[in-house]
1. With labels modelled as points extended 7 Å from the Cα through the Cβ direction, what inter-label distance (nm, one decimal) is found for E40 paired with T182?
2. For the pair E32 and E117, how long in nm is the line joining their label points, each one 7 Å along Cα→Cβ?
3. Where does helix 25-41 land angle-wise versus the long Cα axis of the chain, in degrees 0 to 90, nearest 10?
4. Would you calculate, for the chain, the mean residue ellipticity at 222 nm contributed by helices, counting each DSSP H stretch of 4 or more residues as -39,500 (n - 2.57) and dividing by all residues, to the nearest 500?
5. For N170, project a label point 7 Å along Cα to C-beta. Then give me every residue of region 99-121 with its amide nitrogen under 19 Å of that point.
6. Stokes-Einstein diffusion coefficient for region 2-224 at 10 °C in a medium of 1.306 mPa s, Rh from the Kirkwood formula over Cα pairs: what value in µm²/s?
7. Distance from the Cα centre of region 83-107 to that of region 9-73, in angstrom?
8. Near K210, which aspartates and glutamates are there with a Cα under 16 Å away, not counting those fewer than 8 places off in the same chain?
Amino acid sequence: MHRILNNTIIPVKPGIFIKDPLSSDLGKKVLEESLVLIDELGMEAFNFKRLSAHVGSTEAAIYRYFENKHKLLLYYINWYWGWLEHNLVYGTANMDSPKDKIKMAINLLVVGPSFDENLYLNISLLRSVVTEESSKAFMTKEVGSENNSGFFDQFYNFSERLVKIFLEFNPNHPFPKAFVSTLIWSTLLNAFCSNHVPNLIEDNFIGQQKVDFYYNLVFNSLINE
């Protein structure tokens, strides 16, 4: 399983990139080093000029792969949620209990991917960037047209898989999609707040206590509906 995931390439909509970055050494370097710089600088300060100096290339060469840094961020968003879906599929493959599957899903959202090694991207950095920058990928004026173009398909795929698992546990839940999206965004927002605005989060909202909080939140909702 580890070997399979280590070699896994997450499919990303061609409209997100101009030239497949995995098709060349420079493209792969762009993906690797952009993660490092975005994690270090944030999306606001990151740009292709800085990236070109970092990878020893020209801005023009980088623009052959991505139209702009927003599209690059969309690439990472798709990759992350596709990666998380692979983790969920493999992690629940031998589980019969919907409750156990839900616990696995919550752990993936709160703690991160169980399998964090991949030949193409640093999964730890990828998770960090997604936690810090996700809102900038979604909350734009162009999000409607990007959504219609399938630019968030991997996010939808992961969400739909969670919806199916939740409905296994409680087929009568009235709003499984809304519940799943609320859960996903809550885990991202709380992780962001813990890093940057800790006054909004209790000091002990970490580790297993954080996981247990989401266990209680999810199962109380599923059982009481």
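What follows draws every value from the coordinates through simple rules; no lab data is involved. Everything numeric in this text was worked out from a predicted model, so none of it was measured. Cβ atoms come from the backbone with ideal geometry, glycine included; neighbour counts cover every protein chain shown.
1. 4.1 nm
2. Between E32 and E117, the simple spin-label model gives 1.6 nm.
3. Roughly 60 degrees, rounded to the nearest 10.
4. Working: 11 runs with 149 residues, N = 225.
Helix-only estimate at 222 nm: -21000 deg cm²/dmol.
5. Label zone hits: 99-107.
6. For the chosen part, D equals 86 µm²/s.
7. After rounding, the separation between the Cα centres reads 31 Å.
8. Once the sequence-local aspartates and glutamates are set aside, what remains near K210 is E202.
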